[in-house]
Amino acid sequence: MSNTEEVPDVLRAEGIVKQFGSVVALRGVSMHLKKGEVLGIVGDNGAGKSTLMKILTGFHKPTEGKLYLEGEEIELKSVSHAQSLGIQAVYQDLALANDMTVYENMFLNKEITHKFPRFLNKREMKKKTRQYLEDIGVNIPSIDEPIARLSGGQRQAIAVARAVYSANTKILLLDEPLAAMGAKEATMIMDLIQRLREDGEISIIMVDHNYAHIFGICDRVNLIQHGEITYDKPTAETSMEELTDLVVEEYRRARAS
Ligand SMILES: Nc1ncnc2c1ncn2[C@@H]1O[C@H](COP(=O)(O)OP(=O)(O)O)[C@@H](O)[C@H]1O
Ligand SMILES: [Mg+2]
């Protein structure tokens with residue numbers, strides 16, 4: 001994608017505060033996502049990354065703050081409300097049904113049926129599943145296999161494909177999509193995100209601990225420290241060393257205080 005300033009924000013958060021009882025998980029987060037961009041979010045354990053993602057997916061309501069989708073203020077009432085607006089998430093603990101097949105998972109809760117009588121149109125679902133996986137560049141030997149037989153990377157790829165090919169997906173939120181994955185599987189998902197980035201139709205936020213992943217596929221990176229975004233730069237204008245130094249400084253301050 002181009003990095004020109006004229007690219008509009010598809011999503012914007014302003015002053016997001018989230019409290020869980022006495023715990024303040026987010027202390028006024030403002031951030032934005034441009035159309036077609038891949039934004040990386042990094043930060044220590046407990047910094048508030050997942051909480052921010054869950055607010056953007058409609059899972060948590062913010063205690064304070066505002067969200068804007070394509071410039072219009074929105075109030076996300078639920079995850080399905082966010083989905084209906086084109087915001088899709090893939091979580092670490094995937095919502096796939098292990099004993100069902102690849103194609104059944106792809107169309108779980110959005111099955112294709114014949115017009116009349118309304119039996120499941122398996123042929124059409126299988127055909128579309130093959131097409132989606134091919135488009136996305138993922139090789140799954142048999143879509144009639146139960147999901148349980150597949151590797152973690154293949155399952156993750158199906159979850160991403162499902163989100164990408166849901167009706168009107170505009171924004172894809174990935175919370176540590178490569179966690180607990182081998183190098184080969186992680187590469188498969190990275191390639192997939194890279195292809196989506198090249199297409200430029202879907203805007204993506206990816207939370208990841210691993211700076212190599214962030215620098216491999218993100219256009220821009222935000223650092224969250226103790227519930228605040230403390231850093232926001234295009235990846236081309238920063239480095240792993242610069243980010244590492246910031247985090248080392250955070251530890252040093254924490255120890256001194
Ligand atoms: N549902 C919850 N109830 C209470 N505290 C929570 C909840 N979710 C997250 N927190 C707290 O909010 C802070 C941020 O957590 P989280 O967003 O999961 O961090 P990260 O994803 O960056 O590791 C932590 O202190 C965590 O314990
Ligand atoms: Mg997390």
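When the test is whether a residue is assigned to a strand (DSSP E or B), of a type in the set (Ser, Thr, Tyr) and out of contact with any Lys or Arg (no Cβ under 7 Å at 6 or more places or on another chain), Ser30 passes it.
Matching residues to (1) within 16 Å of ligand 1 (Cβ to nearest atom); (2) open to solvent by less than 40 Å² (accessible area, probe 1.4 Å):
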| site | (1), (2) |
| --- | --- |
| Lys128 | no, no |
| Gln131 | no, no |
| Glu134 | no, no |
| Gly137 | no, no |
| Leu150 | no, yes |
| Gly153 | no, yes |
| Ala161 | no, yes |
| Leu173 | yes, yes |
| Ala180 | yes, no |
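Of the set (1) within 16 Å of ligand 1 (Cβ to nearest atom); (2) over 20 Å from Ala157 (Cα atoms); (3) touching a residue at least 24 places away in the same chain (Cβ under 8 Å); (4) touching a Leu at 6+ places or on another chain (Cβ under 8 Å), all apply to Val90 but (2).
If you go through the range 101-119, how many residues are more than 15 Å from Ala161 (Cβ to Cβ) and open to solvent by less than 90 Å² (accessible area, probe 1.4 Å)? Going through the range 101-119 one residue at a time, the tally reaches 5. Considering the range 48-63, and only residues there that are near ligand 1 (Cβ under 10 Å from one of its atoms) and among the hydroxyl-bearing types (Ser, Thr, Tyr), the residue that is nearest to the chain's Cα centre (by Cα) turns out to be Ser50. Yes or no: Arg27 within 16 Å of ligand 1 (Cβ to nearest atom) and not aliphatic (A, V, I, L, M)? It is true that Arg27 is within 16 Å of ligand 1 (Cβ to nearest atom) and not aliphatic (A, V, I, L, M). Look through Gln131, Gln83, Gln88 and report the one residue that is away from ligand 2 (no atom under 16 Å from the Cβ) and in contact with a helix residue (DSSP H, G or I) (Cβ under 8 Å, 6 or more places away or on another chain). The conditions single out Gln88. Scanning the range 33-62 for residues that are outside any loop (DSSP other than H, G, I, E, B), crowded, with 21+ Cβ neighbours inside 10 Å and small (Gly, Ala, Ser) turns up just one, Gly40.
Criterion first (within 20 Å of Thr57 (Cβ to Cβ), in contact with a strand residue (DSSP E or B) (Cβ under 8 Å, 6 or more places away or on another chain) and in contact (Cβ under 8 Å) with a residue 12 or more places away in the chain) does Val247 satisfy it? So Val247 does not fit the description; no. Of all residues in the range 17-36 being touching a Gly at 6+ places or on another chain (Cβ under 9 Å) and farther than 15 Å from Thr230 by Cβ, which is nearest to ligand 2 (Cβ to nearest atom)? So the residue we want is Ala25.
The values are calculated or read from the model by the stated rules, or taken from the named source; none is laboratory data. Since the structure is predicted, the reported quantities are computational estimates derived from the model, not experimental observations. Cβ atoms come from the backbone with ideal geometry, glycine included; neighbour counts cover every protein chain shown. These area figures cover heavy atoms from the full protein model, side chains too; ligands, DNA and RNA do not enter into them. Shrake-Rupley method; radii C 1.70, N 1.55, O 1.52, S 1.80 Å.
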